[in-house]
Amino acid sequence: MQTTTPLMPHQHPAVAKMLPSRVGALFMAIGTGKSRTTIEIARIRQDKYDLLFWFCPVSLKETIRQEWRKHTDLTEDAIKVWDDKVATNNLPTAARIHIVGIESMSSSARIILAYQAMVTDRSFVIVDESSYIKGHSSQRTERITMLSAKAKYRLILTGTPFTQGAVDLFAQMTFLSTKILGYSSFYSFAANHLEYEMRVNEYGYKVRTGRIVRTHNTDYLAAKIAPYVYQVSADECLDLPERLYETRYFDMTGEQRDYYEQAKHEILLDLDYDDWSSIAIFHLFTSLQSIVCGFWTRTVPKTHEKQHVTFGHRRVALLMETISSILDTEQVIIWTKYHHAIDEIKQSIEQQYGRRAYAEFHGRISQRVRNEELASWQRGDSRFLIATQSAGGHGFTLNNAAYSIFYADGYKYSEREQAEGRNHRIGQTRRPTYISLCCENSIDEKISSALSRKENALASFQRSINRYRKDALKEMALKLVKEL
């Protein structure tokens with residue numbers, strides 16, 4: 001295995017810090033490339049392990065697969081994303097890299113038994129977003145820790161290691177080795193470092209409420225973990241480019257893919273290949289992109305009636321997973337394109353963080369309300385700003401936030417650049433991080449590719465068609481649409 005992309009300057013010391021020890025922790029902020037750093041460590045150690053297991057949240061499995069494909073010369077067959085077909089009677093032994101959902105270790109006996117059958121002392125086990133195993137008594141924490149203990153190499157990755165303070169350290173460090181902190185049980189750790197709130201029960205005895213009010217001997221803990229941890233924030237990476245970029249991937253559900261292919265078929269039947277106008281291409285792009293966002297306003301063939309269809313999808317889950325990987329003290333801008341998506345985003349954020357967690361800025365509310373919402377967010381009254389690029393992408397300074405999530409991009413590079421410019425202006429003291437959510441094998445990838453070339457996606461597609469003579473247009477148009 002060879003890597004195909006260079007390391008950034010701040011990633012070299014991270015690799016150097018991890019190599020001397022068989023276990024370690026990369027506490028690297030989102031956007032600083034902890035996945036690329038880990039892949040480099042895996043490349044250097046490749047002769048010392050047979051199988052590599054990469055645990056991550058289920059919603060990030062496709063993103064991790066894309067990272068391996070992007071940064072190495074490994075073939076598709078060498079990388080296995082574990083799905084509902086993996087079982088002890090169907091072990092994916094042909095692959096060397098195995099990507100497993102963390103949540104599966106608490107919900108799927110089939111996955112647990114398959115992992116138990118495959119992990120050996122010649123394994124390298126990685127837990128990405130290791131805050132998922134911070135609960136010392138949770139099933140997934142206990143199972144991943146116990147079954148991975150035989151692996152010679154173990155690594156944890158996260159940008160948010162301490163969401164609740166030092167208590168989060170115990171389970172993460174225990175996964176690596178009980179020798180790091182020196183405690184074989186959580187109770188001995190708690191007795192030395194945690195002070196709990198006490199209350200008097202109905203019998204007059206003092207009992208713990210479970211709420212931690214104070215942490216003791218933190219200098220001792222810091223000294224114990226220091227040899228095994230590399231930590232860096234985005235602001236500390238002074239030799240990075242001014243803007244940091246990250247793309248996170250998800251795939252379609254079966255129902256979504258059926259609608260996606262149906263849309264291409266119906267639109268192709270309705271188009272005149274002698275006149276692929278920008279309007280026709282816009283209709284095609286809009287239909288396909290709305291489907292990967294979970295809805296489709298369909299024009300029924302023959303009757304031409306409008307039919308609005310909604311269906312399940314994984315984009316919102318990936319958004320919430322991305323938010324959870326950002327420190328909860330950070331304000332976040334969420335850029336989207338569709339009002340339907342705004343409703344789903346608002347509902348998910350309300351369920352997890354409450355109504356006061358977000359402000360809105362889009363065309364469905366009046367200018368007065370927009371301004372009030374924006375002012376409230378700029379004062380810090382809410383954490384999230386949910387905005388459309390058409391309404392909020394111009395003329396505003398949003399430097400409160402160092403993080404912007406592009407839930408669904410528009411087609412125009414100018415709109416994307418304007419949106420990025422909202423928090424990359426005079427007065428911004430931190431390096432902005434831009435995270436794009438992308439549906440694999442879909443129109444999303446075509447749009448992303450065009451924007452990365454600083455092109456308008458619609459115009460780029462139109463030029464691809466116009467390169468061909470009229471007599472070859474239909475055949476080429478069919479080929480291009482099938483690739484969307």
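The listed residues are LYS85, LYS17, LYS48, and the only one of them that is without any contact (Cβ under 8 Å) to a residue 12 or more places away in the chain and out of contact with any Asp or Glu (no Cβ under 7 Å at 6 or more places or on another chain) turns out to be LYS85.
So that you can scan it fast, the table gives a plain yes or no per residue for (1) hydrophobic (A, V, I, L, M, F, W, C); (2) farther than 30 Å from SER148 by Cα; (3) assigned to a helix (DSSP H, G or I); (4) in the same structural domain as ARG298 (by TED's automatic domain parsing):
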residue: LYS179; (1), (2), (3), (4): no, no, yes, no
residue: TYR183; (1), (2), (3), (4): no, no, no, no
residue: ARG199; (1), (2), (3), (4): no, yes, no, no
residue: TYR220; (1), (2), (3), (4): no, no, yes, no
residue: ALA226; (1), (2), (3), (4): yes, no, yes, no
residue: ARG248; (1), (2), (3), (4): no, no, no, yes
residue: ASP258; (1), (2), (3), (4): no, yes, yes, yes
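Matching residues to (1) exposed (fewer than 14 other Cβ atoms within 10 Å of the Cβ); (2) modelled with pLDDT of 95 or more; (3) among the charged types (D, E, K, R):
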position: GLN2; (1), (2), (3): yes, yes, no
position: LEU7; (1), (2), (3): no, no, no
position: GLY31; (1), (2), (3): no, no, no
position: ARG36; (1), (2), (3): no, no, yes
position: LYS48; (1), (2), (3): yes, yes, yes
position: LEU51; (1), (2), (3): no, yes, no
position: PRO57; (1), (2), (3): no, no, no
position: GLU62; (1), (2), (3): no, no, yes
position: ARG69; (1), (2), (3): no, no, yes
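Scanning segment 351-409 for residues that are of a type in the set (Ser, Thr, Tyr) and over 19 Å from THR336 (Cα atoms) turns up TYR353, SER376. Only a single criterion out of (1) assigned to a loop (DSSP other than H, G, I, E, B); (2) without any contact (Cβ under 8 Å) to a residue 24 or more places away in the chain; (3) within 23 Å of the chain's Cα centre (by Cα) is not satisfied by PRO92, namely (3).
Of all the criteria given as (1) part of a loop (DSSP other than H, G, I, E, B); (2) of a type outside the set (D, E, K, R); (3) modelled with pLDDT under 95, the one not satisfied by MET105 is (1).
Do we have GLU440 as within 19 Å of GLU321 (Cβ to Cβ), in contact with a Phe, Trp or Tyr (Cβ under 8 Å, 6 or more places away or on another chain) and of a type in the set (Asp, Glu) here? So that I can check it myself, show each step before the final result.
Working: within 19 Å of GLU321 (Cβ to Cβ): yes; in contact with a Phe, Trp or Tyr (Cβ under 8 Å, 6 or more places away or on another chain): yes; of a type in the set (Asp, Glu): yes.
Taking the combined requirement at face value, the residue satisfies it.
Please work out which one of (1) of a type in the set (Lys, Arg); (2) farther than 24 Å from ASP328 by Cα; (3) surrounded by 14 or more Cβ atoms within 10 Å (Cβ to Cβ) is the condition ARG368 fails and give its number. With respect to (1) of a type in the set (Lys, Arg); (2) farther than 24 Å from ASP328 by Cα; (3) surrounded by 14 or more Cβ atoms within 10 Å (Cβ to Cβ), ARG368 is out only on (3). Determine which member of the set THR141, THR158, THR163, THR174 is crowded, with 21+ Cβ neighbours inside 10 Å, at pLDDT below 90, among the polar types (S, T, N, Q) and within 20 Å of GLU103 (Cα to Cα). Only one candidate passes the filter, namely THR158. Checking THR141, THR160 one by one, the residue that is under 30 Å from the mean Cα position of the chain (by Cα) and assigned to a loop (DSSP other than H, G, I, E, B) is THR160 and no other. Among residues of segment 353-381 that are closer than 13 Å to LEU398 by Cα and part of a strand (DSSP E or B), those with a beta-carbon under 7 Å from a residue that is small (Gly, Ala, Ser) and at pLDDT below 90 at least six positions away or on a different chain give the pairs PHE361/ALA391; PHE361/GLY392.
Filtering segment 108-120 to residues that are outside any loop (DSSP other than H, G, I, E, B) and either surrounded by fewer than 18 Cβ atoms within 10 Å (Cβ to Cβ) or among the small types (Gly, Ala, Ser) (or both) leaves ALA109, ARG110, LEU113, ALA114, GLN116, ALA117.
Only one of these is at pLDDT 90 or above, touching a Ser or Thr at 6+ places or on another chain (Cβ under 6 Å) and either assigned to a helix (DSSP H, G or I) or closer than 22 Å to SER436 by Cβ (or both): ILE386, ILE323, ILE333, ILE345. Name it. Don't jump to the end; show me each part of the working.
Details: ILE386 fails: touching a Ser or Thr at 6+ places or on another chain (Cβ under 6 Å); ILE323 fails: touching a Ser or Thr at 6+ places or on another chain (Cβ under 6 Å); ILE345 fails: touching a Ser or Thr at 6+ places or on another chain (Cβ under 6 Å).
Only one candidate qualifies: ILE333.
Among the residues of segment 71-89, count how many are within 15 Å of CYS56 (Cα to Cα) and in a loop (DSSP other than H, G, I, E, B). Total meeting the criteria: 2.
The single condition among (1) within 30 Å of SER404 (Cα to Cα); (2) not in a loop (DSSP other than H, G, I, E, B) that ALA191 does not satisfy is (1).
Where residues in segment 412-455 are among the aliphatic types (A, V, I, L, M) and part of a helix (DSSP H, G or I), which of them is nearest to THR397 (Cα to Cα)?
Filtering segment 412-455 for residues among the aliphatic types (A, V, I, L, M) gives 419, 426, 435, 437, 443, 447, 450-451.
With part of a helix (DSSP H, G or I) added as a condition, the list becomes 419, 443, 447, 450-451.
Values: ALA419: 10, ILE443: 30, ILE447: 26, ALA450: 26, LEU451: 22 Å.
Of everything passing the filter in segment 412-455, ALA419 is nearest to THR397 (Cα to Cα).
Checking each residue of segment 125-136 against the condition of being part of a helix (DSSP H, G or I), assigned by TED's automatic domain parsing to the domain that holds SER59 and over 27 Å from PHE189 (Cβ atoms) gives no match.
THR397 passes every criterion in (1) over 27 Å from GLU246 (Cα atoms); (2) not in a helix (DSSP H, G or I) apart from (1). The conditions of being over 27 Å from LEU244 (Cα atoms) and either surrounded by 18 or more Cβ atoms within 10 Å (Cβ to Cβ) or assigned by TED's automatic domain parsing to the domain that holds ASP444 (or both) are met by ASP343.
The values are calculated or read from the model by the stated rules, or taken from the named source; none is laboratory data. Predicted, not measured: the structure shown is a model, and the values here were computed from it. We place every Cβ from the backbone using ideal geometry, glycine too, and count neighbours over all the protein chains shown.
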